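The values are calculated or read from the model by the stated rules, or taken from the named source; none is laboratory data. Small disclaimer: the values here were computed from a predicted structure and weren't measured. For neighbour counting, all protein chains shown are included, and Cβ atoms are generated from backbone atoms with ideal geometry for every residue, glycine included. To get the accessible areas, we keep the full protein, side chains included, count just its heavy atoms, and leave off ligands, DNA and RNA. Shrake-Rupley method; radii C 1.70, N 1.55, O 1.52, S 1.80 Å.
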Amino acid sequence: DAGVTQSPTHLIKTRGQHVTLRCSPISGHKSVSWYQQVLGQGPQFIFQYYEKEERGRGNFPDRFSARQFPNYSSELNVNALLLGDSALYLCASSTTVRYGYTFGSGTRLTVV
Amino acid sequence: EDKVVQSPLSLVVHEGDTVTLNCSYEVTNFRSLLWYKQEKKAPTFLFMLTSSGIEKKSGRLSSILDKKELFSILNITATQTGDSAVYLCAVDHSGGGADGLTFGKGTHLIIQP
């Protein structure tokens, strides 16, 4: 079985641009969460979606948005990129809202 | 403010040594504590702890939770170079909503041959 897949694996963007990151959960998993991990820190919660509805939001500005599609895949969008948005963005899926999170390998975003 | 604190932040030991990693937490509506191992990118799940005093074991790794003192430890015995990684502690909290996991900064463990 495929694990959680994220694309792209690496991305370089310029300040002010917009970026879309994608995540496909494990088959049968209906919940997807997004985390930002800055170098040297633990992952920080951004969003959680379950059955296509937002179930939780972390302390991130409105430049960050996400959505979940009928097939349970998800997109994370970040507008007006700042240098500080450079990080590893991790997606995690689970069968329910709060049990058994499995992480993908992440997207490394560099903003220059 | 919800917080998870791990110690030490980094640790260098020799192969064969035993290590103990610490995680303390202060959160609202605690549900469970999770340990992950992060080698390159994807954190991989190690343990989920919900009850105090019940040790979970997997090979050379074990973990226990103390809900009274609000901490957990992760033990690794007979360490091997393949154990080198960042070990992350996370707490799942919040009664009804889905507030996600709150992570500590991690312990960077280096096993020298």
> For a paramagnetic label modelled at 7 Å from the Cα of B:Thr20 toward its Cβ, which residues of the stretch B:58-95 fall within the zone defined by backbone nitrogen distances under 17 Å?
Replying inline: B:61-79
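On the accessible surface of the stretch A:5-111, probed at 1.4 Å, how many percent belong to carbon and sulfur atoms? Intermediate values should be presented prior to the final figure.
On the way: 2430 of 4830 Å².
Within the stretch A:5-111, the accessible surface is 50 percent carbon and sulfur.
Using packing as a proxy for protection, rank B:41-47, B:81-87 so that the peptide with the highest average count of other Cβ atoms within 10 Å comes first.
Details: B:41-47: 18.7, B:81-87: 16.9.
My ranking of the peptides, most packed first, is B:41-47, B:81-87.
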> In square nanometres, what is the average projected area of the Cα convex hull of the stretch B:1-57?
Replying inline: 5.5
>> Quick query: amide H of A:Ser31 versus all other amide H atoms, modeled in the peptide plane; which residues come in under 5 Å with a sequence gap of 5 or more or a different chain?
In response: A:Ser94
> Tell me, how many Å apart are the Cα centres for the stretch A:37-112 and for the stretch B:1-78?
Replying inline: 23
>> Can you list residues from other chains, or at least 5 along the same chain, whose modelled amide H is less than 5 Å from the amide H of B:Phe47?
In response: B:Trp35
> Each label point is 7 Å from the Cα along the Cα-to-Cβ direction; what then is the distance between the points at B:Leu11 and B:Ala78, in nm?
Replying inline: 1.8
> What does the charge add up to near B:Arg60, with Lys and Arg as +1, Asp and Glu as -1, over the other residues with Cβ less than 14 Å from its Cβ?
Replying inline: -1
> Round to a whole number: what % of the accessible area of the stretch B:28-95 belongs to carbon and sulfur, probe 1.4 Å?
Replying inline: 51
>> Run the numbers for A:Arg22 and A:Arg108: contour at 0.36 nm per residue of separation, minus the present Cα-Cα distance, in nm.
In response: 29.7 nm
> Distance in nm between label sites at A:Thr5 and B:Arg60, each 7 Å beyond Cα in the beta-carbon direction?
Replying inline: 3.4
> Given the convex hull of the Cα atoms of the stretch A:5-111, what is a quarter of its surface area in nm²?
Replying inline: 6.0
> Amide H of A:Lys13: which non-local residues (sequence gap of 5 or more, or other chain) have their own amide H closer than 5 Å, using H built in the peptide plane?
Replying inline: A:Thr110, A:Val111, A:Val112
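Ranked highest first by the average count of other Cβ atoms within 10 Å around their residues, in what order do B:5-11, B:21-27, A:42-48 fall? Present the calculation step by step, with values, prior to reporting the outcome.
Values: B:5-11: 14.7, B:21-27: 19.4, A:42-48: 23.9.
In descending order of packing, they fall as A:42-48, B:21-27, B:5-11.
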> With each pseudo-label sitting 7 Å past Cα toward Cβ, what's the B:His108-A:Gln41 distance in nm, one decimal?
Replying inline: 1.6
> With a 1.4 Å probe, how much accessible area is buried between chains B and A, both sides summed, in Å² to the nearest hundred?
Replying inline: 1700
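Set the Förster distance to 35 Å, then compute FRET efficiency between A:Thr95 and B:Glu39 from the Cβ-Cβ distance, nearest 0.05. Can you show the working numbers first?
Numbers: r = 25 Å, r/R0 = 0.71.
Efficiency for this residue pair is about 0.90.
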> So which of B:Lys40/B:Lys105; A:Lys52/B:Lys3; A:Lys13/B:Lys37; A:Lys30/B:Lys105; B:Lys3/B:Lys68; B:Lys37/B:Lys57 end up more than 23 Å apart, counting from Cα to Cα?
Replying inline: A:Lys52/B:Lys3; A:Lys13/B:Lys37; A:Lys30/B:Lys105
> Taking a temperature of 37 °C and a viscosity of 0.692 mPa s, what whole-number D in µm²/s does Stokes-Einstein yield for the stretch B:3-112 with Rh from Kirkwood over alpha carbon pairs?
Replying inline: 234
> Taking accessible area as the heavy-atom solvent-accessible surface of the protein chains with a 1.4 Å probe, which residues of the stretch B:24-52 lose no less than 30 Å² upon going from the isolated chain to the full protein assembly?
Replying inline: B:Tyr36, B:Gln38, B:Lys41, B:Ala42, B:Pro43, B:Met48
> If you project the alpha carbons of the protein assembly as shown onto the principal axes, what extent comes out on each, in Å, largest first?
Replying inline: 48, 39, 38
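Residues of the protein assembly as shown: accessible area per residue at 1.4 Å, in Å²? Intermediate values should be presented prior to the final figure.
Working: 10670 Å² over 225 residues.
Per-residue value: 47 Å².
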